[in-house]
1. Being assigned to a helix (DSSP H, G or I), at pLDDT 90 or above, over 21 Å from THR74 (Cα atoms) and under 13 Å from the mean Cα position of the chain (by Cα) is the requirement here; does LEU16 meet it?
2. Residues that are under 8 Å from the mean Cα position of the chain (by Cα): list the helices (runs of 4 or more DSSP H) wholly contained in segment 35-74 that include at least 2 such residues.
3. Check segment 49-58 and report whether any residue there is closer than 17 Å to SER73 by Cβ, touching a helix residue (DSSP H, G or I) at 6+ places or on another chain (Cβ under 7 Å) and surrounded by 12 or more Cβ atoms within 10 Å (Cβ to Cβ).
4. From the set of residues in segment 6-29 that are touching a helix residue (DSSP H, G or I) at 6+ places or on another chain (Cβ under 7 Å) and touching a residue at least 24 places away in the same chain (Cβ under 8 Å), which is farthest from ARG45 (Cα to Cα)?
5. Out of everything in segment 1-38 that is in contact with a Ser or Thr (Cβ under 9 Å, 6 or more places away or on another chain) and of a type outside the set (Lys, Arg), what residue ends up being surrounded by the most Cβ atoms within 10 Å (Cβ to Cβ)?
Amino acid sequence: MAVVHNCMLSLVSYYLLLNLSEDLKVELKMRNKGIVKMLVKTLDRENVELLILVISFLKKLSIFVENKNDMASTLIIQFFGTVWKFI
């Protein structure tokens, strides 16, 4: 039960952050706080809705080279192998 609530809280929180990141200044602050690493760590969850949201968020963030470098440094490719089995 607690896992479901935690997953829903993560879903709502990331959805809110995704909407807030429309402002480039806010997105830069998120990047400085390590949002890319947090999103990549979330890719090991099993909730399909959460995975789709996180991948969409990472896609949006990948417009900037700095975020791409952060994604590469966290070995994001290994997580996509686990994501495909849920989608």
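The values are calculated or read from the model by the stated rules, or taken from the named source; none is laboratory data. Treat the numbers as computed from the prediction; the structure is a model and nothing was measured. When we count neighbours, we look across all protein chains shown, and the Cβ atoms used for this are built from the backbone with ideal geometry, even at glycine.
1. So LEU16 fits the description; yes.
2. Once the helices (runs of 4 or more DSSP H) in segment 35-74 are filtered for at least 2 residues that are under 8 Å from the mean Cα position of the chain (by Cα), what remains is 35-42, 48-61.
3. Within segment 49-58, one or more residues are closer than 17 Å to SER73 by Cβ, touching a helix residue (DSSP H, G or I) at 6+ places or on another chain (Cβ under 7 Å) and surrounded by 12 or more Cβ atoms within 10 Å (Cβ to Cβ).
4. SER21
5. So, considering only residues that are in contact with a Ser or Thr (Cβ under 9 Å, 6 or more places away or on another chain) and of a type outside the set (Lys, Arg), the one surrounded by the most Cβ atoms within 10 Å (Cβ to Cβ) is VAL36.
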